[in-house]
Amino acid sequence: MAQGPVVIIGAGHAGFQLAASLRQNGFGERIALINDEGHLPYQRPPLSKAYLKGTGGPDSLMFRPEKFYHDQNIDLITDHAASIDRSARKVLFASGASLDYRHLVLATGARNRLLDIPNASLEAVRYLRTLDESEALRHLLTPGRRAVVIGAGFIGLEFAATARAKGLEVDVIELGVRVMARAVTAEISEFFQLRHTAAGIRIHLGVQVTGIESSGAKVTGVSLSDGRHIGADLVVVGVGVLPNVELAAAAGLPAAAGIIVDENLRTSDPDISAVGDCALFASRRFGGSLRLESVQNATDHARCVAARLTGDAKIYDGLPWFWSDQGPDKLQMVGLTTGYDRVVVRGDRAQNAFSAFCYAAGQLVGIESVNRAGDHMFGRRLLAANGSITPEQAADTGFDLKRALA
Ligand SMILES: Cc1cc2nc3c(=O)[nH]c(=O)nc-3n(C[C@H](O)[C@H](O)[C@H](O)COP(=O)(O)OP(=O)(O)OC[C@H]3O[C@@H](n4cnc5c(N)ncnc54)[C@H](O)[C@@H]3O)c2cc1C
């Protein structure tokens with residue numbers, strides 16, 4: 001078991017879970033959990049879903065009330081970690097304070113990729129990653145307002161669906177040829193495009209926003225690469241994130257498209273680990289390096305490092321899964337649905353309930369489900385055990401998935 005203080009930088013899903021799991025595993029030494037957002041550690045997924053709709057106050061997002069940190073003897077510190085002195089094993093903070101560590105965990109997450117076009121810094125150009133950003137946006141969701149969403153990824157589409165349900169006029173601009181193209185199969189893209197269009201959202205594919213139009217400081221619309229103009233008084237940017245690697249890189253730790261860690265989630269310095277959205281980890285399950293942005297990845301990474309620091313070192317081998325709520329539809333994904341060569345549909349698209357089973361060389365590699373939670377849970381159990389079923393079995397709704405598991 002690690003001796004001496006564990007310092008965790010970042011109290012998102014990964015940092016919070018790490019602190020909680022260390023205590024659950026019986027770690028008895030000091031834990032300092034550092035965050036530069038002025039809130040108790042909170043969940044992000046509702047920020048583009050229930051919270052954005054107006055359900056609940058900030059308390060509904062918190063992982064635990066303040067008392068938890070007190071009772072668990074976790075020092076929750078609001079500050080920004082400015083640098084790491086590895087030879088002195090010290091973290092230096094923006095406030096001027098410093099903390100010694102025995103083991104340091106970087107759980108710094110990711111930040112919004114910013115738009116770099118004329119007028120992108122106007123007040124009505126918004127992003128959606130933090131509680132403060134969601135809080136500000138939810139007050140802008142009033143009927144009749146015109147919103148342009150830049151990017152048809154998960155967050156852009158979740159925002160678009162919520163805004164439309166709140167009575168806004170919504171246009172989504174996407175450079176790719178289909179929605180969520182980087183993350184899902186064409187079957188799922190097509191379904192969601194139809195559903196959002198039927199709800200009254202206008203989706204423009206294969207075009208780029210080249211400028212924000214304004215009258216003084218007020219946004220009036222956007223101009224597109226094909227010469228069109230779309231009127232708007234609110235622009236929401238969802239063009240992806242950048243992992244927060246700078247702190248690690250400045251301390252001489254290898255970083256590229258993430259902080260580079262091995263199969264145990266250790267950086268090149270054995271006293272420093274990295275977890276969650278910021279970590280580019282060596283994956284034995286899939287081969288190569290992966291950086292994932294999901295609650296599953298953040299919390300499973302955290303549990304793996306907590307186990308190592310309390311004497312139960314294991315290779316990280318989590319099975320990726322993810323969900324996205326868009327209007328009335330729930331998308332759930334398991335496995336890695338990239339690199340497939342065959343897709344088999346199970347269920348009924350016309351009934352808004354189906355799954356895309358993805359195969360590579362005859363082996364099931366992932367399942368994307370729309371409103372079919374049973375298929376998703378089946379996939380979680382089957383793929384965790386490295387199992388498969390044939391494409392013919394997947395397509396046959398008479399084939400009993402539960403029996404296949406048994
Ligand atoms: C709107 C939204 C909806 C989402 N929906 C889903 C979903 O439906 N399903 C799903 O699986 N995933 C979803 N995600 C992704 C998921 O929330 C992230 O993968 C997860 O939050 C990653 O956790 P993390 O702890 O690695 O990083 P983060 O949550 O980014 O937390 C990192 C924290 O560290 C702080 N920090 C960074 N640098 C420093 C520093 N130097 N000093 C101090 N503090 C620092 C940051 O301010 C931040 O608070 C969503 C994300 C967003 C933004």
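The residue list 216, 240, 176 contains one member that is surrounded by fewer than 17 Cβ atoms within 10 Å (Cβ to Cβ), under 27 Å from the mean Cα position of the chain (by Cα) and without any contact (Cβ under 8 Å) to a residue 40 or more places away in the chain, which is 176. The single condition from (1) aliphatic (A, V, I, L, M); (2) under 17 Å from residue 109 (Cβ atoms); (3) over 15 Å from the mean Cα position of the chain (by Cα) that residue 313 fails is (2). Looking only at residues of region 69-92 that are farther than 13 Å from residue 33 by Cα and among the hydrophobic types (A, V, I, L, M, F, W, C), we find that the one that is surrounded by the fewest Cβ atoms within 10 Å (Cβ to Cβ) is 88.
Residue by residue through region 186-236, note down the ones that are among the aliphatic types (A, V, I, L, M) and in a helix (DSSP H, G or I). Reasoning before the result, please.
Taking region 186-236 and keeping what is among the aliphatic types (A, V, I, L, M), we get 186, 188, 194, 198-199, 201, 203, 205, 207, 209, 212, 217, 219, 222, 224, 230, 232, 234-236.
Within region 186-236, 186, 188, 194, 198 meet the criteria.
The residue list 382, 364 contains one member that is surrounded by 19 or more Cβ atoms within 10 Å (Cβ to Cβ), in a helix (DSSP H, G or I) and more than 22 Å from the chain's Cα centre (by Cα), which is 382.
Residues in region 1-22 that are under 20 Å from residue 78 (Cβ atoms) and over 24 Å from the mean Cα position of the chain (by Cα): 5, 6.
Considering only region 261-282, how many residues are in a loop (DSSP other than H, G, I, E, B), more than 13 Å from the ligand (Cβ to nearest atom) and either at pLDDT below 95 or crowded, with 19+ Cβ neighbours inside 10 Å (or both)?
Just the residues of region 261-282 that are in a loop (DSSP other than H, G, I, E, B), to begin with: 262-265, 267-271, 275.
Next, only the ones that are more than 13 Å from the ligand (Cβ to nearest atom) stay: 262-264, 267-271.
Of the ones still in play, those that are also either at pLDDT below 95 or crowded, with 19+ Cβ neighbours inside 10 Å (or both) are 267.
The number of residues fulfilling the criteria is 1.
Checked against (1) out of contact with any Pro (no Cβ under 9 Å at 6 or more places or on another chain); (2) outside any loop (DSSP other than H, G, I, E, B), residue 99 meets all criteria but (1). The single residue among 172, 184, 235, 179 that is in contact with a Phe, Trp or Tyr (Cβ under 6 Å, 6 or more places away or on another chain) and either more than 25 Å from residue 291 (Cα to Cα) or not assigned by TED's automatic domain parsing to the domain that holds residue 49 (or both) turns out to be 179.
Looking at region 288-304, which of its residues are within 12 Å of the ligand (Cβ to nearest atom) and either in a helix (DSSP H, G or I) or surrounded by 24 or more Cβ atoms within 10 Å (Cβ to Cβ) (or both)?
295, 296, 297, 298, 299, 300, 301, 302
A search for C-beta distances below 6 Å between a residue of region 8-22 that is assigned by TED's automatic domain parsing to the domain that holds residue 92 and any residue that is more than 9 Å from the ligand (Cβ to nearest atom) and aromatic (Phe, Trp, Tyr), counting only pairs 6+ apart in sequence or on different chains, returns 16/63.
For first residues located in region 376-405 and touching a residue at least 12 places away in the same chain (Cβ under 8 Å), partners that are small (Gly, Ala, Ser) and crowded, with 17+ Cβ neighbours inside 10 Å and lie 6+ apart or on another chain with Cβ distances below 6 Å form the pairs 376/369; 383/335. Would you mind telling me which numbered condition in (1) closer than 22 Å to residue 85 by Cα; (2) in contact (Cβ under 8 Å) with a residue 40 or more places away in the chain residue 298 fails? Result: residue 298 fails condition (1) only. As a summary of the residue check, residue 285 satisfies the conditions (1) away from the ligand (no atom under 11 Å from the Cβ); (2) among the charged types (D, E, K, R); (3) under 29 Å from residue 121 (Cα atoms) except for the one numbered (3).
Quick grid of which residues meet (1) part of a loop (DSSP other than H, G, I, E, B); (2) not small (Gly, Ala, Ser):
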{"position": "91", "(1), (2)": "no, yes"}
{"position": "114", "(1), (2)": "yes, yes"}
{"position": "143", "(1), (2)": "yes, yes"}
{"position": "159", "(1), (2)": "no, yes"}
{"position": "163", "(1), (2)": "no, no"}
{"position": "182", "(1), (2)": "yes, yes"}
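Applying the criterion of being of a type in the set (S, T, N, Q) and assigned to a loop (DSSP other than H, G, I, E, B) to the residues of region 116-141, the residue that is nearest to residue 161 (Cα to Cα) is 130. Residues that are within 9 Å of the ligand (Cβ to nearest atom) and either more than 19 Å from residue 81 (Cβ to Cβ) or free of Cβ contacts under 8 Å to residues at least 40 places away in the same chain (or both) within region 23-41 comprise just one, 41.
Restricting 45, 58 to residues that are touching a Phe, Trp or Tyr at 6+ places or on another chain (Cβ under 9 Å), over 15 Å from residue 5 (Cα atoms), within 13 Å of the ligand (Cβ to nearest atom) and not β-branched (Val, Ile, Thr) narrows the list to 45.
The values are calculated or read from the model by the stated rules, or taken from the named source; none is laboratory data. Keep in mind that what you see is a predicted model, and the values were worked out from it rather than measured. Positions of Cβ are generated from backbone atoms using ideal geometry, with glycine treated the same way; all protein chains shown enter the neighbour counts.
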